[in-house]
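Shown next, in structure tokens, is the structure this report addresses.
No lab work stands behind these numbers, since they all come straight from the coordinates. In this text, all values refer to a predicted model and were calculated from it rather than measured experimentally. Here the Cβ positions follow ideal geometry from the backbone for every residue, glycine too, while neighbour counts run over all protein chains shown.
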Amino acid sequence: MITDGLTPLGVLLLLGLVGGALALGVGIVAALLMDRGVWVRRFVLTGVAGVALYLVLLVGLSLTSRTRILALTQGKHICELDCHSEYSVVRVRTDKHLGGRTAAGTFYVVTVKVLFDSTTTSAHRGRAPLEIGPRTVYVLDAQGREYPLQPDGASDSLRHPIVPGQSYTTDLVFDLPATISGPLLFVGATAGAPDRILIGSENSVLHKKTLFALS
């Protein structure tokens, strides 16, 4: 299974870091009030060691990650903590004109399949619809330039509530240069501040992405 790298373990490690920092903070305050300097030093050293270990794991996994290019119909799973949504490109077509509009370059109409993978849920989850989180969508060219989805806000079409095992397709439109080389589509969870320091997540610092080939 190809995923965005976000796992419950990564979330637990981050929660452990935050919880440990809070516990050490309380310990430091208590040691200061009791004038126990040696314990203050021990708590501080423990906190520094814990943060250093976390940063080593975070940066180390990011630096050893690699860019993955998925072919037509290959799926990418995005973790929703208790289950996965899967995205795959099932068709790509190009046109100069679309719906009364003329492209500055060439319109790429990318048909994406969205699936609620029922094999990734627990036995107790039930059939409640999946509320899919915000998605970031863009196309990259061979030089690393980004091209946005047309029109703005169209990424919401990737977030329709679906029940386990259900799927649907939606068209994403990009106006790309006629001479574009090696276009690649990125579909991923929109990164918030915690995502930048989640170990293993493709949204973490320096981590490589999983992309879809469009040519």
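Below is a table of values for the structure above.
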{"item": "Trypsin sites (Lys or Arg not before Pro) lying in DSSP loop within region 105-178, provided at most 16 other Cβ fall within 10 Å", "result": "ARG125, ARG127, ARG145, ARG159"}
{"item": "Length released on extending from THR102 to LEU15, taking residue separation times 0.36 nm less the Cα-Cα span", "result": "26.4 nm"}
{"item": "Where N is the number of residues in region 133-215, Cα Rg divided by 2.2 N^0.38 Å", "result": "1.20"}
{"item": "Backbone N under 20 Å from the ALA71 label point (7 Å along Cα→Cβ), restricted to region 79-101", "result": "87-93"}
{"item": "Spin-label pair LEU32/ARG127, simplified geometry with 7 Å Cα→Cβ offset, distance in nm", "result": "5.7"}
{"item": "THR179 versus GLN143: modelled label distance in nm, points set 7 Å from Cα along the beta carbon direction", "result": "0.9"}
{"item": "log₁₀ of I(q)/I(0) at q = 0.11, 0.12, 0.13, 0.18 Å⁻¹ - the chain, Debye sum with one point per alpha carbon", "result": "-0.64, -0.73, -0.81, -1.25"}
{"item": "Point-to-point label distance, THR170-LEU53, nm (Cα→Cβ direction, 7 Å offset)", "result": "4.2"}
{"item": "Theoretical FRET efficiency, 1/(1+(r/R0)^6), r = Cβ-Cβ of ARG41 and THR7, R0 45 Å, to 0.05", "result": "0.80"}
{"item": "In Hz, Karplus ³J(HN,Hα) per residue of region 143-150 (6.51, -1.76, 1.60; θ = phi - 60°; x = Gly, Pro)", "result": "8, x, 6, 9, 10, x, 5, 10"}
{"item": "Tilt relative to the chain, helix 37-63 - C-alpha long axis, 0 to 90 degrees, to 10", "result": "20"}
{"item": "Taking the chain and dividing mean pair separation by its residue count, relative contact order in percent (alpha carbons under 8 Å, at least six apart)", "result": "27"}
{"item": "Sequence ranges 101-110, 56-65, ranked by mean other-Cβ count within 10 angstrom, highest first", "result": "101-110, 56-65"}
{"item": "Long-range HN-HN contacts of LEU211 with modeled amide H, under 5 Å", "result": "ARG68, ILE69, LEU70"}
